[in-house]
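Trainee: After the structure tokens below, expect a handful of questions from me.
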Amino acid sequence: MISEIIKIVTTTQENTMSKKYEYKYKLFAKIHQLQKRLYRTACNPGHSEDKEWFREMRIKKLHNRIKER
């Protein structure tokens with residue numbers, strides 16, 4: 001009986017994060033990845049400078065998507 005209770009408790013705690021926050025976490029991870037790439041571009045002149053504007057716009061769009069929810 002105790003082992004059954006432990007199984008129930010452990011299986012319900014696996015998905016503690018709601019779908020909304022799980023989605024936001026993924027967006028924040030994408031933003032962080034883009035920020036790291038922008039930092040590398042700033043540190044290494046000439047390294048994918050043409051993509052800098054695109055990455056900044058993508059970060060703004062992701063921020064707006066987070067604010068919507």
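Values quoted throughout were computed directly from the atomic coordinates according to the rules given, and no laboratory measurement underlies them. Small disclaimer: the values here were computed from a predicted structure and weren't measured. Note that we place each Cβ from the backbone using ideal geometry, even for glycine, and neighbour counts take in every protein chain shown.
Trainee: Counting other C-beta atoms within 10 Å, which of I59, I66 has the fewest, and how do the rest follow?
Mentor: Ordered from fewest to most neighbouring Cβ atoms within 10 Å, I59, I66 come out as I66, I59.
Trainee: Can you pull the one-decimal nm distance between simple spin-label points at R65 and C43, each 7 Å off the Cα toward Cβ?
Mentor: With each label placed 7 Å out from Cα toward Cβ, I get 2.6 nm.
Trainee: Using label points projected 7 Å from each Cα along Cα→Cβ, tell me how many nm separate Q33 and W53, to one decimal.
Mentor: About 2.4 nm, to one decimal.
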